[in-house]
Structure formats: C-alpha cells, structure tokens
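Every read-out reported here was derived from the displayed coordinates using simple, explicitly stated rules and does not represent laboratory data. All of these numbers come straight from a predicted model, not from anything done at the bench.
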Amino acid sequence: METNQPSANPNTPNLDALHIKRPCLVVADLERAFTIYRDILGFKLDYLAEASPDSYLYPVFQFPKTAQLKFASLSTEDEPRALALTEVKGIELPTPTTPYPLALVVRVKDLTLTIQKIRELGLDTIEPNYFTRPPNLNFTEQAFCDYDGHRIMLYDVKSG
C-alpha cells in the first residue's frame, strides 16, 4: 500500500507528507490581535483557552512559570487550525528588533482593502512590491508589523 498518495478525503491528512502546521505568535493582548487576524484578515476563531500550568508552551517559548498564558487557535476556509496566538500576561515581552528574523506570509482576497484597514488601525506598512510569474500570474505583496512587532507579509495574485 502506498502511503505517499494524496488522501481521497481532504479532511484526512497525508501523515507521510511534509506539512507546516500552525505558526504560533506570542501576543500581549488577544483581543487586540483579533482585530487584525480575525476581523481584517478573516481567520476564524476555533478554540480559546487558558493554558494549564504544565502547558507545553512554557518550555517551548521559555516562559517563566509566573506568566499567565491564553491560547487561541484560528482557521482559514481551507486549513483548520492554521495559526495560533498565545497571549502572555505577567511578564514584559521583548521589543522586536530589525532585521526581522521571520515573516508570516498570508494570501488575502483584496490586498488594497486589507492594507487600508491595517492603516486605519494606525499600523505602519511598507510600499507594495509587484511581480509576474508564469503562467501569466500577477502578484502584489505588501508587509506591515502587527501590534506585537511581528512582520506580516500579505499578498494577492491575479491572472492577467
């Protein structure tokens, strides 16, 4: 039996395939982060819970046990639990520095409208970049930093 073949059921993952799952961003305030990730970008909130004192988040992120954690899992139409947000209270989060060590890349339906909404929150954006790739696909990408200093690069693609 071949296990490398795509699953006939799209809800059943191919357990032999390489798969990137759920980047987890650390945030100071979940409700504030939701204004970007849920309200503007369109992620759907699946799960929200206080983290237990023995949560794996503590050793993964090296949070001290004095920190209080809340975990949110967000989905897209096509990817369940595609993004996680971990709220951290009780400690000072470090200020991000440049150069940015990571950017989360997200395709959106209407980049112009999305960037307008991001700017209405008072967040800075960088100038857009345009390029074309075969077969006649036109890409526009534009980045911003969220409230917690995470670099988010948005893009849309159109046939042209």
Taking the chain, the equivalent ellipsoid from its C-alpha gyration tensor has semi-axes in Å, biggest first, of 28, 25, 14
Given K44/K117; K21/K70; K70/K117; K89/K117; K21/K158, the pairs whose alpha carbons are separated by over 23 Å | K70/K117; K89/K117; K21/K158
Bin by bin, in steps of 5 Å, what percent of the Cα pairs in segment 83-122 do you find, going until the bin that has the longest distance?
-> 5, 13, 13, 21, 27, 14, 5, 1
Kirkwood hydrodynamic radius (C-alpha pairs) into Stokes-Einstein, segment 19-113, 37 °C and 0.692 mPa s, D in µm²/s | 227
Say we join alpha carbon atoms closer than 10 Å with springs in a Gaussian network model of the chain; which of P64, P80, P134 then has the biggest fluctuation?
-> P134
Considering segment 53-107, what Rg and Dmax in Å follow from its alpha-carbon atoms?
-> 13.7, 37
Bridge type composition, the chain - antiparallel percent by DSSP, nearest 5 = 75
GNM of the chain, Cα pairs under 10 angstrom: of T132, T97, T12, the biggest fluctuation goes to T12
Pick from F34, F131, F139: which is most flexible by mean-square fluctuation in a GNM of the chain where alpha carbon atoms under 10 Å apart are linked?
-> F131
Alpha carbon centroid spacing (whole Å) that separates segment 17-94 from segment 126-160 = 24
